[in-house]
Amino acid sequence: MFPPFPQREAYGYCTLLAEQVRRERLFAKDVMIGVCVCRAKNGAKVILRAFSGMHDGGWLIDGWAPPCFDAYEYDRQAVAADAEIRELAGALARLDAESDAERRHLIQERRQCSRRWQQKLASLYRFYCADGHVRSFGDILGGFSHSLAPTGCGDCCAPKLLSYAFRRGLAPVSLCELYVGSGSRARRSGRVYPPCDDKCALVLPALLRLKIIYRDRYVIVIDKPAGLLSVPGRGAHMQDCAVTRVKRLFAHCISQPAVHRLDMDTSGLLVLAFTREAHRALSMQFQNGQVYKEYTALLDGTLARPLRIAGAGTISLAFRLDPADRPRQIYDPVHGKTGVTEWTVIREELVKSGTCAGRRYTRVRFVPRTGRTHQLRVHSAHPLGLGVPIAGDRLYGRGGARLMLHASVLSFTHPVTGSRLTFACAAPF
């Protein structure tokens with residue numbers, strides 16, 4: 001995953017720490033170490049350091065960030081788990097060769113025992129997050145079965161450092177992770193590595209309250225989740241949004257960083273500006289149609305035969321706000337503003353199981369050439385458009401768990417370097 005914070009300042013401290021690790025032989029094996037440079041509320045600089053996994057069979061070293069759980073309670077339960085699993089292994093070893101049925105039973109019991117203890121140990125994890133809340137694995141991964149989390153998930157440097165920083169009320173400003181040891185095919189000693197995709201990418205977005213796709217001194221691109229506002233709404237209960245979360249993490253961000261928006265119900269790529277100059281340049285690109293946007297949508301049904309045969313086309317419809325039913329938009333060729341959308345059928349999909357078994361959907365790629373409110377939702381649902389609403393659309397369709405619309409591709413010119421940047425983010429449905 002992309003490094004969530006600048007690495008440069010923390011890198012200097014990380015190299016000094018690596019020299020100390022080698023000189024004093026603090027770790028018997030190769031290890032990933034990390035440093036997080038933070039600011040306290042009084043402005044003081046605070047340096048935190050962490051190591052991944054365990055050290056010499058333990059989780060704690062004085063002066064290093066602790067794990068994301070109570071180490072003593074974890075060890076107590078781990079000892080009990082080991083004893084129970086060893087007892088079952090011993091019972092298996094004592095069986096004679098003819099006890100196949102009992103052997104299969106004990107193997108299954110040992111497997112269930114191991115899974116049960118994995119769930120218990122995973123339930124001990126507590127992650128302190130940027131918004132002040134403390135979350136468990138179940139909170140972060142949506143009530144999943146704890147044993148499905150990869151082994152070691154939450155034990156890397158970045159989750160330890162960020163959880164510890166937020167627990168102490170510190171603001172991270174730089175984070176770096178460096179590998180120390182003899183090296184291997186996968187990693188080289190002394191090299192900096194970003195947080196890992198297989199473990200850290202599962203928990204860091206929850207800690208940060210943002211999934212960062214790209215970031216530099218001038219812009220940040222995030223994957224906004226469905227259900228999150230792009231900008232603050234009216235009232236205290238509407239202040240949690242992409243803008244608020246970015247400003248909470250990055251103190252140098254301008255007060256109004258948004259240059260475009262996604263509907264609250266829509267997920268996907270959103271770019272924000274850290275500086276006024278970047279904001280001005282990006283805003284002009286959006287106004288002049290120089291930003292390429294591509295959406296993936298799942299339509300709640302199949303298209304009419306002529307559209308299915310065509311497989312692609314362009315929709316041009318004028319619509320406006322319905323004042324009597326805000327925020328719903330209505331077709332109005334006289335007073336409405338015209339929206340233009342290119343569409344392409346990706347494939348038709350049939351649900352084979354569950355409560356929606358037998359229902360057919362159509363996966364579509366949308367490329368909006370204008371940026372009207374609810375443009376894709378109206379163009380999809382209206383009879384003069386595709387005539388099929390986007391699945392989960394509570395305004396123009398029959399609703400559902402979420403709106404199946406995702407901003408999957410975003411391309412723009414960097415406001416400072418002038419290079420063309422293109423980002424892709426697969427739809428989560």
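The values are calculated or read from the model by the stated rules, or taken from the named source; none is laboratory data. What you see is a predicted model, and the numbers here were worked out from it, not measured in a lab. Counting neighbours? That spans all protein chains shown, and the Cβs are built from the backbone with ideal geometry, glycine included. Side chains included, ligands, DNA and RNA excluded: accessible areas come from the protein's heavy atoms. Shrake-Rupley method; radii C 1.70, N 1.55, O 1.52, S 1.80 Å.
This table checks each residue for (1) touching a helix residue (DSSP H, G or I) at 6+ places or on another chain (Cβ under 6 Å); (2) open to solvent by 60 Å² or more (accessible area, probe 1.4 Å); (3) closer than 27 Å to Arg248 by Cα; (4) part of a loop (DSSP other than H, G, I, E, B).
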residue: Ala50; (1), (2), (3), (4): yes, no, yes, no
residue: Ala65; (1), (2), (3), (4): yes, no, yes, yes
residue: Ala78; (1), (2), (3), (4): no, no, no, no
residue: Arg86; (1), (2), (3), (4): no, yes, no, no
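Across segment 260-272, a minimum of one residue is classified as under 26 Å from Leu210 (Cα atoms), open to solvent by 20 Å² or more (accessible area, probe 1.4 Å) and aliphatic (A, V, I, L, M). Tell me, please, whether a residue that is part of a loop (DSSP other than H, G, I, E, B) and either β-branched (Val, Ile, Thr) or modelled with pLDDT of 90 or more (or both) can be found in segment 135-150. Yes, there is a match, as at least one residue in segment 135-150 is part of a loop (DSSP other than H, G, I, E, B) and either β-branched (Val, Ile, Thr) or modelled with pLDDT of 90 or more (or both).
Pick from Pro389, Pro415: which is open to solvent by 10 Å² or more (accessible area, probe 1.4 Å), modelled with pLDDT of 95 or more and within 21 Å of Val345 (Cβ to Cβ)? Break it down into steps so the answer makes sense when it comes.
Details: Pro415 fails: within 21 Å of Val345 (Cβ to Cβ).
Answer to the check: Pro389.
Just so you know, in segment 88-131 the residues that are assigned to a helix (DSSP H, G or I) and acidic (Asp, Glu) include one that is surrounded by the fewest Cβ atoms within 10 Å (Cβ to Cβ), and it is Asp100.
If the condition is being farther than 23 Å from Phe166 by Cβ, open to solvent by less than 50 Å² (accessible area, probe 1.4 Å) and touching a Leu at 6+ places or on another chain (Cβ under 8 Å), then segment 224-259 contributes Ala226, Ser230, Ala258, Val259. Total residues in segment 2-31 satisfying the condition of being touching a Lys or Arg at 6+ places or on another chain (Cβ under 9 Å) and modelled with pLDDT under 95: the figure is 1. When segment 325-350 is filtered for residues that are of a type outside the set (D, E, K, R) and under 21 Å from Asp265 (Cβ atoms), the ones remaining, listed by number, are Pro327, Gln329, Ile330, Tyr331, Gly339, Thr341, Trp343, Ile346.
Evaluated against (1) touching a residue at least 12 places away in the same chain (Cβ under 8 Å); (2) open to solvent by 20 Å² or more (accessible area, probe 1.4 Å), Asp322 falls short on exactly one condition, (1).
Residue-wise test of (1) in a strand (DSSP E or B); (2) open to solvent by 60 Å² or more (accessible area, probe 1.4 Å); (3) of a type outside the set (Phe, Trp, Tyr).
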| position | (1), (2), (3) |
| --- | --- |
| Tyr11 | no, yes, no |
| Val21 | no, no, yes |
| Cys38 | yes, no, yes |
| Glu73 | no, no, yes |
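Select from segment 221-259 the residues that are among the hydroxyl-bearing types (Ser, Thr, Tyr) and under 20 Å from the mean Cα position of the chain (by Cα) and list them in ascending order.
Selection gives Ser230, Thr244.
For segment 195-223, the candidate set comprises residues that are farther than 20 Å from Pro172 by Cα and touching a residue at least 60 places away in the same chain (Cβ under 8 Å); within that set, the residue that is most open to solvent (accessible area, probe 1.4 Å) is Asp197.
I'm trying to understand the selection: among the residues of segment 352-367, which are of a type in the set (S, T, N, Q) and open to solvent by 20 Å² or more (accessible area, probe 1.4 Å)? Answer for segment 352-367, where residues must be of a type in the set (S, T, N, Q) and open to solvent by 20 Å² or more (accessible area, probe 1.4 Å): Ser353, Thr355.
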